[in-house]
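First comes the structure, then the notes that go with it.
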Amino acid sequence: ADLQSMVNVFKYFTPAQVDSIRAGTTDFDCTTQIQSAIATSRAVYFPKGLYKCNANITSRVILQGDGSTSTIIKPYNDSIAALTYKYAAMSNPAPLDFWTYHSEVRDIGFYSNSARVGVGFTFSQTTLTAPPISNWTTSRN
């Protein structure tokens, strides 16, 4: 996808928030804005800057940044992954398993927060306390 067909994630932020992201001083949660951009079903362009989020991806998507040392994603809440592939229960035709999304993350870096804590990217959920699919089991027969 070329940049003309992508949705620029900055469209979902206020000018003051964009300035903070560009300056790398982001101290707010970017999750809602990022999920709004992903919901357009178009490739999402992340200009150079710092994004703090705990966003869920529930469909195939391309996330395009300006370079792995220029576009940075950090978890907003360190106990949850910055980006999580979630099971798309209402997908059509059939529910998509999170292993089959075939999404792409291009030219985006994942960084931890100052205490070197946090998860950049996960499938299903950050912990396995509750399986994401009702018929999924961790036991072996």
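Give, in whole angstrom and from largest to smallest, the semi-axes √(5λ) of the equivalent ellipsoid of the range 1-87, with λ running over the eigenvalues of the Cα gyration tensor.
Calculated on Cα positions only, the semi-axes equal 18, 17, 11 Å.
What accessible area per residue, rounded to a whole number of Å², is obtained for the range 6-87 using a probe radius of 1.4 Å?
I get 43 Å² per residue for the range 6-87.
Taking all protein chains in place and a 1.4 Å probe, what share, in percent, of the accessible surface of the range 6-83 do carbon and sulfur account for?
Carbon with sulfur: 47 percent of the solvent-accessible area.
The values are calculated or read from the model by the stated rules, or taken from the named source; none is laboratory data. Given the structure is predicted, the values throughout are model-derived calculations rather than measurements. Accessible surface areas use protein heavy atoms only, side chains included; no ligands, DNA or RNA. Shrake-Rupley method; radii C 1.70, N 1.55, O 1.52, S 1.80 Å.
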